[in-house]
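Data first, discussion second: the structure below is written as structure tokens.
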């Protein structure tokens, strides 16, 4: 992978954190983890993460509250929600908060999660390239005019 993307994984289950971290690091991603929403919010404030994979049901601060507070502070990685239940009300709440997708923890397949993360991170790269192209054009026009 030519670009390095940063992922934050927030879950209160240590096995999930280590499994996901190893999985994504082996594929070239920079991964940090947090064991609850409070720790996740602190890390995301200092991070610059492209994608945050967040469990809903956690102690101290749940995933919804973490995302809500991050949104209030205009911290906006691509949010992916993990839920143990997959209930419609949780999914709707996650989408309202800006999540781009959700996965049921009981039936998740890491290759599917990886494909979603790839789409999100490569999409950001495409947007960045478009912006840089526009900036270069503007600079060239200013040189011709100036």
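What follows is calculated from the coordinates using simple rules that are stated; it is not laboratory data. Just so it is clear, the structure is predicted and the values come from calculations on it, not from any experiment. Positions of Cβ are generated from backbone atoms using ideal geometry, with glycine treated the same way; all protein chains shown enter the neighbour counts.
Okay, here's what the table says:
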read-out: By average C-beta atoms within 10 angstrom, highest first, the peptides 64-71, 23-30; value: 64-71, 23-30
read-out: Cβ crowding within 10 Å averaged over residues, with 4-12, 109-117 ranked highest first; value: 4-12, 109-117
